[in-house]
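What follows is a single structure, written as structure tokens, with notes after it.
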Amino acid sequence: MISLKVIARLLDYPEQALFDHQQALVEALEPASELDLHHSAQLILFIRRFCARPLLDVQAEYCELFDRGRATSLLLFEHVHGESRDRGQAMVDLMGQYREAGLEIDSRELPDFLPLYLEYLASRSKEQAAGGLQDIAPILALLGARLQQRESPYAVLFDLLLALSGSEVQAQTLASQVAKEARDDTPQALDAVWEEEQVKFLGEEGCASAQQAAHQRRFAGAVAPQYLDLTDALTGTKGR
């Protein structure tokens, strides 16, 4: 699916080369049959509007949106496992899946980085690619709903991925849930997440424990949980 490769490029960090080759992206979509005319027009319009803006503005917006807080992180397992040990094993399994397909990833990217996963799916058959998208459809819908809430043009890319998956999951169905979430990209929430822990000196265990508990209470009040309970929904992603 060439459209997956194009969307992967658009969801990666914006570089000048992307802007220089915007016409090549549009032309690459012309023979693509996986998107209907409406969705193809949406993707082309996104590319045109995206590349019409100053590069520095687009880069700043990208960092603000995807690197600030965890709610809109493009690391797939962040929305399922958080920092648990299960995430590490899921990474190992996904790396094995890439290697079985004859792919080697750049060391600068984690294997669950969405654009990388889309690149992998783009190399599979249409049926396999759709199945891989269905595996992560709940995450795509959640991210799409959060981006819609923030009025980000990136939201349309997640609608397109859901359309390509053939899944019945839609971002709109999560709108009310997302509206109740506490934002994790506000200065207060970021302070709570990244606040440095107090140094624990010998003989100060009691004080340190009290400080840690206070920090945890502050964090709990600042940001709503951002993780999904997908049970077996990602089985295919982790070892299919």
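Under 15 Å from a label point set 7 Å out along the Cα-to-Cβ vector of residue 17, the amide N atoms of the stretch 110-139 belong to 116. FRET efficiency for the pair residue 55 and residue 2, taken as 1/(1 + (r/R0)^6) with r the Cβ-Cβ distance and R0 = 25 Å, rounds to 0.55.
Solvent exposure of the stretch 1-153, expressed per residue, is 48 Å² of accessible area, with all protein chains present and a 1.4 angstrom probe. For the stretch 1-146, the fraction of alpha-carbon pairs lying more than 18 Å apart is 61 percent, rounded to a whole number.
The values are calculated or read from the model by the stated rules, or taken from the named source; none is laboratory data. None of the values given here were measured: they were computed from a predicted structure. Counting neighbours? That spans all protein chains shown, and the Cβs are built from the backbone with ideal geometry, glycine included. When the accessible area is computed, the model is the full protein with side chains, heavy atoms only, and any ligands, DNA or RNA have been set aside. Shrake-Rupley method; radii C 1.70, N 1.55, O 1.52, S 1.80 Å.
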